[in-house]
1. Kindly put 60, 100 in sequence by how many other C-beta atoms sit within 10 Å of each C-beta, fewest to most.
2. With a 10 Å Cβ neighbour count serving as the proxy for reagent exposure, in which order, fewest first, do 22, 9, 93 appear?
3. Ranked by Cβ crowding within 10 angstrom, fewest neighbours first, how are 115, 108 ordered?
4. Which value in Å does the Kirkwood hydrodynamic radius of the chain take, with 1/r averaged over all unlike C-alpha pairs and then inverted?
5. Using only Cα atoms and rounding to the nearest 10 degrees, what angle (0 to 90) does helix 42-95 make with the longest principal axis of the chain?
6. Mind running the shape call on segment 75-141? Use the C-alpha gyration tensor, a ≥ b ≥ c as the square roots of the eigenvalues: rounded below 1.5 for a/c, prolate if a/b tops b/c, oblate otherwise.
7. With springs only between Cα atoms under 10 Å apart, run a GNM on the chain and tell me which of 14, 149, 65 wobbles the most.
8. Considering Cα pairs under 8 angstrom that are at least six residues apart, work out the relative contact order of the chain and quote it in whole percent.
């Protein structure tokens, strides 16, 4: 369902409603709603649109599951790779082999550059610490304001309507 199709049907609905109200300004709400529903396809168009969104939601859920499964598989493969390389390193070290040449690869034991091991963070001078920018806790701000406390620099927005879709 395209945006153009929905907009077209909405425009037809709006124009038809305007014409009915011009011709019958005293029409009751129920009669107007029934007339518009029978004379336009807006309800059906919206239903098709929402069914399409439900299909998209199912695809999203399936893809999220597939992505999670593939992430787990990737983690397992990375772990397996690290274990195999670690085992090869230990075997070469224990055997005293510094180099193995194969037709498709060459293994070499090389010294690694030194890395930092922090033994006590409290003793490290402050110029090594990187300051982190403050982050606004919007959830706490919302809860405080909902409880009735006014906060300078913030206001609660007006409530807006949202679409709820329930499926059987």
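Readers should treat all values here as calculations from the given coordinates under stated rules, not as data from a laboratory. Predicted model, so just to flag it, every value in this text is computed and none were measured. Note that we place each Cβ from the backbone using ideal geometry, even for glycine, and neighbour counts take in every protein chain shown.
1. Listing 60, 100 from fewest to most nearby Cβ atoms yields 60, 100.
2. Final ranking by Cβ density, sparse to dense: 22, 93, 9.
3. 115, 108
4. Across the chain, the inverse of the average 1/r is 25.6 Å.
5. It is inclined by approximately 0 degrees.
6. prolate
7. 149
8. 13 percent
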